[in-house]
Amino acid sequence: MVRQSHSSAVPCLSRTWHLSESVLFHWLLRLCGDQDLAFDLLQETFLRALSQDKDFCTIKNQQAWLFRVARNLLTDEQRKKHQFTTDADITFDILPDVPQELPPVDSLAQCLPKALGKMSAEDRAIIEACDLQGMGQQQYAASHNLTLPAAKSRIQRARLRLREILKTQCRIRFDEHQKVCCFFPEES
């Protein structure tokens with residue numbers, strides 16, 4: 001039975017969903033290779049979160065919860081289609097565990113649009129296509145009359161320039177493994 005009042009859950013669900021929806025969709029798409037199925041699973045994940053009503057706001061790591069639900073939905077779908085392997089090691093390689101804590105890099109979503117706006121059109125186009133929309137580098141190269149090595153080189157240079165913009169604009173810091181450990185966004 002679906003509860004009638006979702007208004008109290010909307011703010012915390014809306015915020016988490018806004019930060020997670022695109023990443024979750026591309027993650028599902030990469031796992032299943034079917035855009036329609038990935039979209040269906042994404043919508044079902046949202047409905048499951050919505051059905052939690054006020055309880056969703058009490059979940060400690062809401063993004064991890066969304067990924068766990070999506071992973072379980074994909075597993076159920078694969079079982080229905082008899083595509084599920086019984087080898088537990090392979091299953092866990094295909095469906096990795098979701099981190100228990102939200103990585104600091106996920107908080108950078110508020111800085112990314114501003115940083116992209118400071119990039120050249122060419123850099124922004126390849127970052128948006130390949131890194132944000134999930135287009136393969138081979139496909140990008142073909143659609144822009146580039147060789148694959150040229151596209152790979154272009155995206156690497158664009159990523160380095162984006163990294164520098166993010167370091168300056170968001171004042172991000174990296175740990176010893178060169179992963180984002182923290183950031184201090186500029187006051188708007």
*Does region 24-64 hold any residues that are surrounded by 15 or more Cβ atoms within 10 Å (Cβ to Cβ), within 14 Å of the chain's Cα centre (by Cα) and free of Cβ contacts under 8 Å to residues at least 24 places away in the same chain, and which are they?*
PHE25, ALA38
*asked:* Just to be sure before I move on: is ALA70 touching a residue at least 40 places away in the same chain (Cβ under 8 Å) and assigned to a helix (DSSP H, G or I) in the structure I sent?
replied: yes
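Laboratory data are not the source of any read-out in this text; all were calculated from the coordinates shown. Fair warning: this is a prediction, and the values are worked out from it, not measured in the lab. Heads up, the Cβs are rebuilt from the backbone with ideal geometry, glycines too, and the neighbour counts pull from every protein chain shown.
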